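Below is one structure; the comments refer to it alone.
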Amino acid sequence: AEHDQGESRRRMQATPLHCCDRNTLRLCAALVVLCLLLAHTLTGSDSTSTSAADAAVMLSATAPVRIRLPGRRPPRGAYSRWRCVGDLETIGAVEHRGCVFEKVCYLPNESDFVFYSRPGNVSELSLPAVYDHRQGAQHTFRWRKSRGDGRNADFVALNKDVPYKRQLTWSARTQPGPVPAGAVWARGVSALSAPFAPTNLGHVAWDEAFPLLAAMAQLGVYSPSLRVLRTHSCATLAKRASSSAVCRKFAAAFLGPLTDARAAASALQEPPTLEAEARALAGGGGGRPVCFDKLLVGGTFDSFNREELNVGKEPLIALYRARVLAAHGISPTAPPSSHTITIVAKKGRRAIANVRRVAAAVRAEFGSVAEIVLTDWAGMSMAEQLRLVASTTVAVSPCGGISMLLPFLPQGAAAVLVNYMLGEGEEARHGECDPAAGGCSWTMEAELWRHVRHVTKVYYQVTGPDDFARGRPGRDESVRVDPARLLPLIGAAIREMEPF
């Protein structure tokens with residue numbers, strides 16, 4: 001198995017793309033189509049055909065209503081604007097709205113954002129920001145008890161809310177008058193991002209990067225070149241040098257593709273922090289306001305716990321997959337022409353305890369029709385890992401973060417997901433059955449998997465203590481997979497891929 005794994009890794013090494021390569025031509029064709037669609041979307045169209053309307057509004061909003069009132073002279077200078085999707089009827093619903101702010105500015109010396117409103121009575125000139133059910137119309141993005149407000153609250157969240165970690169939120173103070181004349185501008189679309197678990201692939205890919213792409217589309221400001229600004233760098237987040245390296249690797253792999261759709265894979269890197277970018281734009285001293293054409297804040301940063309946040313995002317998951325694969329030089333549209341069964345090995349919690357026995361059984365059963373790859377991903381670059389996933393037709397994986405590369409599988413591929421069962425005294429977080437009542441088989445990350453439309457989900461279910469390596473169920477317990485139950489699932493998945 002180790003020899004086969006080594007051979008498979010060598011075969012999967014990233015190689016330069018050549019003009020004569022068929023997959024390269026497909027990738028180029030796909031990117032041309034995507035670029036044409038985006039160009040059409042961003043520039044709009046005078047055509048009234050259904051297809052033109054679809055293309056014009058799918059990812060980017062068309063020109064808004066802007067009608068000058070007779071006899072009224074608009075104020076001089078630039079002023080801030082905003083719009084949101086989500087809950088604007090509850091002050092504290094910071095996790096349930098995403099917003100784009102135009103011409104809002106950051107003051108590096110004060111580490112604060114300013115929304116520049118038109119001069120005059122704000123409550124008369126501007127629509128409320130929130131129509132709270134109990135407290136009525138609110139003309140502010142920030143609530144503070146020190147100012148006489150009934151609570152301390154910001155406007156949007158920048159990451160998910162869990163009991164064991166501090167949630168970062170965002171707001172801007174409102175200041176009458178135009179944007180200062182000496183401001184410097186960050187052109188295009190920018191987005192604030194607060195890392196949640198920067199050394200966990202699944203959280204970086206699906207709780208940080210994907211929500212930014214989704215927010216762009218939801219708010220009609222989709223861009224192939226998003227300026228991602230993190231609140232913290234990998235150097236400040238990581239406790240060890242090795243953790244910092246992993247943090248940078250994942251940030252480059254999954255946030256990098258959002259920043260420049262044309263960048264080569266070797267150019268992908270960790271995005272800058274807000275402070276670093278602002279001081280660079282402001283010229284070192286930081287005395288000048290840094291203003292944003294469009295600044296994305298907020299969104300739905302919880303792909304794994306809140307299924308309602310994923311409903312309707314199936315096309316965006318597919319788009320995110322395509323962006324990431326293309327950025328690593330991999331065609332997102334070319335299906336494999338031969339079978340590869342990839343079995344994921346893992347040490348520690350949530351592993352397939354007898355993974356080598358499983359790999360041997362799979363090789364004996366399917367080795368004549370498929371290449372069998374046993375991998376723990378160690379020593380592989382992200383491009384190599386994604387290339388292997390994109391060439392895989394059937395993947396067998398433990399649950400948890402290690403399985404979160406599998407949404408990058410090809411269209412029509414199958415993911416065999418090993419289930420878990422709650423142990424005695426463990427709290428149900430996702431609707432799992434009560435262990436005291438016998439428990440039941442459950443899929444980790446089901447809230448996301450249910451909306452990955454291009455992958456066939458195959459569930460290896462667990463039924464009781466005998467399925468676990470230590471003879472007892474548990475969320476983090478390793479599973480002993482029975483080849484006699486697994487092989488028919490793989491066989492059925494392979495037969496489903498036959499043309500008929």
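For region 199-251, the tally of residues that are within 26 Å of F101 (Cα to Cα) and within 13 Å of the chain's Cα centre (by Cα) stands at 17.
Results for (1) basic (K, R); (2) buried (at least 21 other Cβ atoms within 10 Å of the Cβ); (3) outside the structural domain of L417 (by TED's automatic domain parsing); (4) outside any strand (DSSP E or B), shown as yes or no for each residue.
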position: V311; (1), (2), (3), (4): no, no, yes, yes
position: A318; (1), (2), (3), (4): no, no, yes, yes
position: I341; (1), (2), (3), (4): no, yes, no, no
position: K347; (1), (2), (3), (4): yes, no, no, yes
position: I372; (1), (2), (3), (4): no, yes, no, no
position: T392; (1), (2), (3), (4): no, yes, no, yes
position: V396; (1), (2), (3), (4): no, yes, no, no
position: I402; (1), (2), (3), (4): no, no, no, yes
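Among residues belonging to region 429-441 that are in contact with a strand residue (DSSP E or B) (Cβ under 9 Å, 6 or more places away or on another chain) and modelled with pLDDT under 85, point out the one that is surrounded by the most Cβ atoms within 10 Å (Cβ to Cβ). If you could, list the steps in order and put the result at the bottom.
Residues of region 429-441 in contact with a strand residue (DSSP E or B) (Cβ under 9 Å, 6 or more places away or on another chain): 430-433, 435, 439-441.
Imposing the further condition that a residue be modelled with pLDDT under 85 reduces the set to 430-432.
Values: H430: 16, G431: 10, E432: 20.
Selected residue: E432.
Exactly one residue out of A415, A469, A484, A493 is under 24 Å from A361 (Cα atoms), buried (at least 17 other Cβ atoms within 10 Å of the Cβ), of a type in the set (G, A, S) and more than 21 Å from the chain's Cα centre (by Cα): that is A493.
With respect to S233, is the statement that it is in contact (Cβ under 8 Å) with a residue 24 or more places away in the chain and of a type in the set (S, T, N, Q) true?
Working: in contact (Cβ under 8 Å) with a residue 24 or more places away in the chain: yes; of a type in the set (S, T, N, Q): yes.
So S233 passes the test.
Residues in region 328-347 that are more than 14 Å from F408 (Cα to Cα) and not β-branched (V, I, T): S337, S338, H339, A345, K346, K347. Give all pairs with beta carbons closer than 6 Å in which a residue from region 99-113 that is hydroxyl-bearing (S, T, Y) meets a residue that is outside any strand (DSSP E or B); count only pairs at least 6 apart in sequence or on separate chains. Final answer for the pair search is Y106/A278.
Would region 312-327 turn up any residue that is within 16 Å of V104 (Cα to Cα) and charged (D, E, K, R)? The answer is no; no qualifying residue exists. When restricted to residues that are aliphatic (A, V, I, L, M) and closer than 16 Å to D87 by Cβ, region 131-165 contains 4.
Considering only residues that are hydrophobic (A, V, I, L, M, F, W, C) and either part of a helix (DSSP H, G or I) or assigned by TED's automatic domain parsing to the domain that holds Q385 (or both), which ones fall in region 241-257? Can you show your working first?
Going residue by residue through region 241-257, those that are hydrophobic (A, V, I, L, M, F, W, C) are 241, 245-247, 250-255.
Result: A241, A245, V246, C247, F250, A251, A252, A253, F254.
Pick from A52, A56: which is surrounded by 17 or more Cβ atoms within 10 Å (Cβ to Cβ), at pLDDT below 95 and either among the hydrophobic types (A, V, I, L, M, F, W, C) or not in a loop (DSSP other than H, G, I, E, B) (or both)?
Values: A52 fails: surrounded by 17 or more Cβ atoms within 10 Å (Cβ to Cβ).
Only one candidate qualifies: A56.
The values are calculated or read from the model by the stated rules, or taken from the named source; none is laboratory data. Since the structure is predicted, the reported quantities are computational estimates derived from the model, not experimental observations. All Cβ positions, glycine included, derive from the backbone under ideal geometry; neighbour counts span all protein chains shown.
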